[in-house]
Amino acid sequence: TVTINPIPVVFTVTGGGSYCVGDAGLPIGLTNSVVGINYQLYNGLTPVGMPLAGTGSALDFGLQTVVGSYTVVAIDAITGCSSNMTSSAVIVMNPLPAVYATTGGGSFCTGGAGVNVGLLASNTGISYQLYVGAMPVGSPITGVGTSINFGLQTIPGIYTIVATNTITGCTSTMSGSAVVVANPLPVAYNVTGGGIYCAGGAGVSVGLDNSDLGIYYALYNGMSLVGTWAGTGAALDFGLQAGTGVYTVVATDAMTGCTNN
């Protein structure tokens, strides 16, 4: 007696593609399956995991991270007859953009030009986007193989940079961050006093209607410095001034160096 056992029905391997280093991988499956048939996934000649038993519907072999060409062999659990499933799924792992250090940052006085933020180096074909917090700042800059300057930044916050490979879509966050701080100007108060006095007299008083601790107030007659007084938290009296002219006051924060007229 001669019996010819049928080979398993051929279905199509699905899935594969490219993924970025560090991602979970890509799914590989089979369009259908038959109960009583076992399906073994291979990467090249190497079996991957244990065979999956047919269910009468599509099969999912899970996420695969090892690069290579994946195929599936169906084996009849009773007869041992096997069939190679049609097609294959190729998995490619794309590298992430190289990581470089974020540069710049610092403090500036409110109303000033700001401070520079940049990247120590870059790669051709990679796009670099600057962020302050979660908000993108400006348009991405394409790397040219040298350092990158994103220009003067005036929005206070923590700046980071994300690099994106425009072909593969893989991204990397650059190392470090740049902190931008906007220091407030000293509060502007009113200059008081002045007036007319007779020749030979002591002069007239000049003052400021308020002041702040930690702020120094420089009195000027035109461009000439008359003197400097420390803020007290109250009004200041610069004393009697005998020199004719227009008197102004410039306040300077002793900690930040920020000034205000």
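The values are calculated or read from the model by the stated rules, or taken from the named source; none is laboratory data. What you are looking at is a predicted structure, and each value in this text was computed from that prediction instead of being measured. Don't worry about glycine lacking a Cβ; one is built from the backbone with ideal geometry, like all the others, and counts go over all protein chains shown. Accessible surface is based on the protein model in full, side chains and every heavy atom, while ligands, DNA and RNA are left aside. Shrake-Rupley method; radii C 1.70, N 1.55, O 1.52, S 1.80 Å.
For the chain, the relative contact order is 13 percent, taking Cα pairs closer than 8 Å that sit 6 or more residues apart in sequence and dividing their mean separation by the residue count. With a Förster radius of 22 Å applied to the C-beta separation of residue 4 and residue 86, the computed FRET efficiency comes to 0.50. Among the cysteines of the chain, those whose beta-carbon sits 4.7 Å or more from every other cysteine beta-carbon are 81, 198. Computed from phi, the 3J(HN,Hα) profile of the range 45-58 under the Karplus parametrisation 6.51, -1.76, 1.60 (θ = phi - 60°) reads 9, 9, x, 10, x, 8, x, 9, 6, x, 10, x, 9, 4 Hz, with x in place of Gly and Pro. In this simple spin-label model, placing a label point 7 Å from the Cα along the Cα-to-Cβ direction at both residue 12 and residue 250 gives a separation of 7.8 nm. Rounded to the nearest 10 square angstrom, residue 23 shows an accessible area of 80 square angstrom against a 1.4 Å probe. Over the range 1-147, accessible surface divided per residue gives 53 Å², non-protein components excluded, 1.4 Å probe. Of the solvent-accessible surface of the chain, computed with a 1.4 Å probe over protein heavy atoms with every protein chain present, carbon and sulfur atoms account for 60 percent.
Build a GNM of the chain with springs between Cα atoms under 10 Å apart, and of 101, 230, 121 the one that fluctuates most is 230. The separation of the range 209-240 from the range 126-202, counted between C-alpha centres, amounts to 31 Å.
Summarising the amide proton neighbourhood of residue 104: residues at separation of 5 or more, or on other chains, whose placed amide H is nearer than 5 Å comprise 118. Given [x] 0.95; [y] 0.97; [z] 1.47, which label gives Rg/Rh (Cα atoms, Kirkwood Rh) as computed from the coordinates? It is the value labelled [z].
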